[in-house]
1. Residue by residue through region 36-56, note down the ones that are in contact (Cβ under 8 Å) with a residue 40 or more places away in the chain, closer than 19 Å to V128 by Cβ and polar (S, T, N, Q).
2. In region 40-56, which residue that is of a type in the set (V, I, T), within 11 Å of the chain's Cα centre (by Cα) and not in a strand (DSSP E or B) is surrounded by the most Cβ atoms within 10 Å (Cβ to Cβ)?
3. I'd like to verify a number: residues in region 131-168 that are touching a Lys or Arg at 6+ places or on another chain (Cβ under 8 Å), over 24 Å from A179 (Cβ atoms) and open to solvent by 80 Å² or more (accessible area, probe 1.4 Å), how many?
4. Please specify each residue of region 57-74 satisfying the condition of being exposed (fewer than 14 other Cβ atoms within 10 Å of the Cβ) and either in contact with a helix residue (DSSP H, G or I) (Cβ under 7 Å, 6 or more places away or on another chain) or among the charged types (D, E, K, R) (or both).
5. Just to check your reading of the model, which residue among K145, K125, K135 is free of Cβ contacts under 8 Å to residues at least 24 places away in the same chain and either over 22 Å from I43 (Cβ atoms) or assigned to a loop (DSSP other than H, G, I, E, B) (or both)?
6. For region 122-135, which residues satisfy the criterion of being under 19 Å from K103 (Cβ atoms) and out of contact with any helix residue (DSSP H, G or I) (no Cβ under 8 Å at 6 or more places or on another chain)?
7. I'm told L119 meets every condition in (1) in a strand (DSSP E or B); (2) surrounded by fewer than 18 Cβ atoms within 10 Å (Cβ to Cβ); (3) of a type outside the set (K, R) except one. Can you identify the failing condition by its number?
8. Within region 84-95, track down each residue that is in contact (Cβ under 8 Å) with a residue 12 or more places away in the chain and exposed (fewer than 15 other Cβ atoms within 10 Å of the Cβ).
Amino acid sequence: MASILAEIYNFVKFLLQCDDMRKRHDKHSQRKPKVHKSVSVTIFLTSKATGYVTVEGLKDDIEIQPPDLNTALHKDEVRIKIVGRFPSGRTRGVVTDIIKRRKDAFVGTIQKERNTYVLIADDKKLYVPIEISEKHLSGAQVGEKALVKIVRWNSARVNPFGTVEKVIGKKGDNDAEMASIVIEKGFDTDYPSE
């Protein structure tokens, strides 16, 4: 009987040691990676509006969920802050500042949602529609392709506001679709007259 009690005692002692090692490992793995307070990085977005940034000195990239983007767009230069880890173990960050926008004009289709005109961008990494007041449509009609410049986006809680810079043509029209691609890539479709 004494040998059985000794075995049970040793087994319980072993389990407690394993639990203590697990707690130390969990505590170690939950440490936040050290990042400089004002780290400036380029953010890359997926089509589902999840951001990823790479910080020099960290082994893995940092994931930024859509509510934490703070109006950041694909390839913007941003300042981030690490706020912890996801249950998966991936480092979680939030965008604290937009330092420099990579681009502020987008090609897409003008639509009307409720009483508001919006541009639904061809670029799927623009995860929100751009609202356009009627006076800033510059003659664009619903169903037309246009180039719209974001002029104000102060809060992630509201959509950006923009103005139509150029009406391209009717969606589906071959010339309009080709011009949309060219303009979206940053080229001008207006040629000087000879």
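1. Once the filter is applied, which keeps residues that are in contact (Cβ under 8 Å) with a residue 40 or more places away in the chain, closer than 19 Å to V128 by Cβ and polar (S, T, N, Q), region 36-56 yields T46, S47.
2. Looking at residues that are of a type in the set (V, I, T), within 11 Å of the chain's Cα centre (by Cα) and not in a strand (DSSP E or B), I get I43.
3. Residues meeting the conditions: 0.
4. K59, D60, listed by residue number.
5. K135
6. K124, K125, L126, V128, P129, I130, E131, I132, listed by residue number.
7. So L119 meets the others, but not (2).
8. G84, F86, G89, R90
The values are calculated or read from the model by the stated rules, or taken from the named source; none is laboratory data. All values reported here derive from a predicted model rather than from experimental measurement. Here Cβ is always computed from backbone atoms with ideal geometry, including for glycine, and neighbour counts include all displayed protein chains. SASA here: full protein model, heavy atoms, side chains in, ligands and nucleic acids out. Shrake-Rupley method; radii C 1.70, N 1.55, O 1.52, S 1.80 Å.
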